[in-house]
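Undergrad: Pasting in a structure now, in structure tokens, and then I'll have a few things to ask.
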Amino acid sequence: MKEIEVLRSAAVICCNDNMDILDVIFQRRAVKRFEPVAIGEGARERILDAARHAPSSFNIQPYQLYWVESAAKRDEVTKLCHGQAPARTASALVVVVADIGSMPATTKGQVEWMRRSNFAEAKIRDYERTAKIGRILFMPGPFGIFAAVKRALFWMLNLWKTMGMPPLSRQDLFKWATKSTSLACQNLMLAAEGLGFNTCPMEGFDGRRLLNYLGLSARCHEIVMVIAMGKKSRTYVEPPQWRRPLHATVSIL
């Protein structure tokens, strides 16, 4: 019930009509300096909930979000972000991590939700079967041995049927997870903008040390970005924004 109320209130703020969400998209900018303003618990929950509702491949949601708001922890993370101005002045930092080990727990959680929601047993079995196949297809195996088998199998299948190639290596898995993780990042930044806050996505950080600081393993986790968040400083002057013309970006076929 609480989740429904959160979504309704977010919709009222951001989505009164189509132009409202477009305004949020067009006005969002990467802000480099923030005012020392706290982000309340209610706003924090709505921003993170918006990220959680981003689309993801097979609904696996292969990411973790770490909201860093205490001064001491922000200082530590800021050092690992090379002391950048957005990190130094932000009210909160969100470390966004692609997690390729989340599939078993996520699919188990979805099965439990389906049972609580009184889905038909046949539907639950179908989902469990699909999830099991997915786990096998996404498994690189020791020394990448499954990757070689998958490559040969799908190459042969592709001779007579058009189909995609599943992730073959751990690197491919991280690339797959990063796509869904980036969608969650965009949702998070747009929600923050709609609630009156500003953000700055940062790629400059010491990924290895930041993973260690969070107690994560590079085997299953990769930091996609760190998002600085707060209220734009009154002294910060945004530079003019340039984007390539639409015709240079889009092809209508």
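The values are calculated or read from the model by the stated rules, or taken from the named source; none is laboratory data. Remember, predicted model here, so these are calculated numbers, not experimental data. Cβ placement follows ideal geometry from the backbone for every residue including glycine, while neighbour counts extend to all protein chains displayed. Note: areas computed on protein heavy atoms with side chains; ligands, DNA, RNA excluded. Shrake-Rupley method; radii C 1.70, N 1.55, O 1.52, S 1.80 Å.
Undergrad: Need one word for the range 41-80: rounded, prolate or oblate. Basis is the Cα gyration tensor (sqrt eigenvalues a ≥ b ≥ c); a/c below 1.5 gives rounded, then a/b vs b/c decides.
TA: Taking the square roots of the gyration eigenvalues as a ≥ b ≥ c, the range 41-80 is oblate.
Undergrad: Moving to a separate point now. Could you give the dipole magnitude of the range 33-79 about its Cα centre, charging the beta-carbon of Lys and Arg +1 and that of Asp and Glu -1, in debye to the nearest 20?
TA: Computed charge dipole of the range 33-79: roughly 120 debye.
Undergrad: On full extension of the chain, what length is gained from residue 113 through residue 57, given 0.36 nm per residue of separation minus the C-alpha to C-alpha distance?
TA: Between residue 113 and residue 57, full extension yields 18.3 nm more.
Undergrad: Still on this structure, I have one more. Mean separation of Cα pairs under 8 Å and 6+ residues apart, divided by the residue count of the range 117-253: what relative contact order is that in percent?
TA: Averaging sequence separation for qualifying contacts and normalising by length gives 16 percent for the range 117-253.
Undergrad: With +1 assigned to the C-beta of every Lys and Arg and -1 to the C-beta of every Asp and Glu, and no other charges, what is the dipole magnitude of the range 22-165 about the Cα centre in debye, to the nearest 20?
TA: Approximately 420 debye in magnitude.
Undergrad: According to the square roots a ≥ b ≥ c of the eigenvalues of the Cα gyration tensor, what is the shape class of the range 51-169, taking rounded for a/c under 1.5, prolate for a/b larger than b/c otherwise, and oblate for the remainder?
TA: Taking the square roots of the gyration eigenvalues as a ≥ b ≥ c, the range 51-169 is oblate.
Undergrad: Further question: With contacts defined as alpha carbon pairs under 8 Å and 6 or more residues apart, what's the relative contact order of the range 172-230 in percent?
TA: Relative CO of the range 172-230 lands at 40 percent.
Undergrad: Over the chain, give the accessible area per residue in Å² for a 1.4 Å probe, as an integer.
TA: Normalised by residue count, the accessible surface of the chain is 61 Å².
Undergrad: Output the Kirkwood hydrodynamic radius of the chain, Cα pairs only, in Å rounded to one decimal.
TA: So the Kirkwood estimate lands at 20.6 Å.
Undergrad: Counting alpha carbon pairs within less than 8 Å and at least 6 residues apart, what relative contact order, in whole percent, applies to the chain?
TA: Reported relative contact order: 33 percent.
Undergrad: Using R₀ = 51 Å, calculate the FRET efficiency as 1/(1 + (r/R₀)^6) where r is the Cβ-Cβ separation of residue 235 and residue 179; round to 0.05.
TA: 0.90
Undergrad: Could you tell me which of the pairs 175/232; 179/232; 73/108 are separated by over 30 angstrom between their Cα atoms in the structure shown?
TA: From the list (175/232; 179/232; 73/108), the Cα-Cα distance tops 30 Å for 175/232; 73/108.
Undergrad: Leaving ligands, DNA and RNA out of it, work out the accessible area of residue 130 with a 1.4 Å probe and give it in Å² to the nearest 10.
TA: Per-residue accessible area (residue 130): approximately 90 Å².
Undergrad: With each run of n ≥ 4 DSSP H residues scored as -39500 (n - 2.57), what mean residue ellipticity at 222 nm is computed for the chain after dividing by its residue count and rounding to the nearest 500 deg cm²/dmol?
TA: -16000 deg cm²/dmol
Undergrad: Now a separate question. In vacuum, with every alpha carbon of the range 156-197 counted as one equal point scatterer, what does the Debye formula give for log10 I(q)/I(0) at q = 0.34 Å⁻¹? Two decimals, please.
TA: Here log10 of I(q) over I(0) equals -1.01.
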